[in-house]
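Okay, structure first, notes after.
Readers should treat all values here as calculations from the given coordinates under stated rules, not as data from a laboratory. Predicted model, so just to flag it, every value in this text is computed and none were measured. Because the Cβ atoms are built from the backbone with ideal geometry, glycine has one as well, and the counts that use them run over all protein chains shown.
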Amino acid sequence: MQYHISREGKTYGPYPLPDLQRMVAQGQVLQTDLCWTEGMSGWLPVAQVLASGAAAPAAPAPAPTPAPAPQPQDWSQPQPQAQPYSQPQAQAQPYSQPQTYAPPQQQRPAYAQPQYQQPGAGPMPPAMHWALVLVLAIVTCGIFGIAWMFIQAGFVKKIDPQSKAMQMYLAYIAIILLGSVFLRGSLAALTILPLIQLAAMVIFWIGAFGMRKSLVTYYNSVENCGLQLGPIMTFFFSVLYFQYHLSRIANWKRTGQLV
C-alpha cells in the first residue's frame, strides 16, 4: 500500500509501508501527523494507523476467467473450426490493463470537514462568541480581554498539560505592571519603559504561539476536526482568533457539525 502524510495542511507522499516506518523511526514523520491510504474512510494519526495494523496487504487481483473448455471435435469438420481457441489473447486482454488508482485528492474529503472523526469526550472549550468578547473588552477598557486570555490558557492546560501559556501570560502582566509602577514619573521611563513593553510583548507572543501549537496538535489527533490556525492571525488577533475557532469547536461538540 501507498501511504499519504499530512502536516499543517500540506500533503506528502505517497510512501510504501517500509519507508513510512523508517521515517517514523528516524523522526522525519511524527506520530501525530495524519496518514491516509486507499480504503480508509478518513485521515488518522500515524501512530494509530501503524498500531491498528492498517498495513495489511492489498487484496490480490481477481484471477482471469479460464477459457471455456473446447467442445468435442467432429473429425469430419475441417480444421479451421479450431481457430477461436488459438487466440487466447482476446480473452486475457482486459487483465493486461489494470486500472490505476485515482489520486487521493479526488477521493478524500476536504481537510477541514468534520467527517474524519466524531467529537470525542474531551473538555468543552469556552463557547462565548468572539464578537461579545471584543465588546466586553472594550467596555471594560481591556480588563475582560485579559481575563478571557487566562480562561483560554486554562482550557489549553486541560488538553495539553505541558502547555506553558499560563506562565507566559502571567509573566507578561507582571512585567507590564512592575515597569509602570517603578518607572512612573522618572526620566528613565522615556527610554527603558518601551524596552520593557517590547520584552513583555515577546513573552506574550511566546505564550500565544504555544497555545496555537497545543490546539492544532490536539484537534488534529485526539479530537480530529482538521483545525488550522494561521500564524499571522495568531500574531495580531490571538485572543479573538482563538475564540472564533473555540466557539466553532464547542458547537461541533454539541451538534456534531463544524460550521
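The table that follows gives values for the structure above.
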| quantity | calculated |
| --- | --- |
| Residue count, the stretch 11-55 (criterion: farther than 25 Å from Gln118 by Cβ and either in a loop (DSSP other than H, G, I, E, B) or not aromatic (Phe, Trp, Tyr) (or both)) | 16 |
| Residue check, Val239 in a helix (DSSP H, G or I), closer than 19 Å to Ala127 by Cα, out of contact with any Pro (no Cβ under 6 Å at 6 or more places or on another chain) and not aromatic (Phe, Trp, Tyr) | yes |
| Any hit, the stretch 148-162, residues being over 29 Å from Leu258 (Cβ atoms) and either among the acidic types (Asp, Glu) or not in a loop (DSSP other than H, G, I, E, B) (or both) | no |
| Some residue of the stretch 175-195 being surrounded by 16 or more Cβ atoms within 10 Å (Cβ to Cβ), more than 30 Å from Leu44 (Cα to Cα) and touching a residue at least 24 places away in the same chain (Cβ under 8 Å) | yes |
| Test: Val216 is under 12 Å from the mean Cα position of the chain (by Cα), of a type in the set (Val, Ile, Thr) and part of a helix (DSSP H, G or I) | yes |
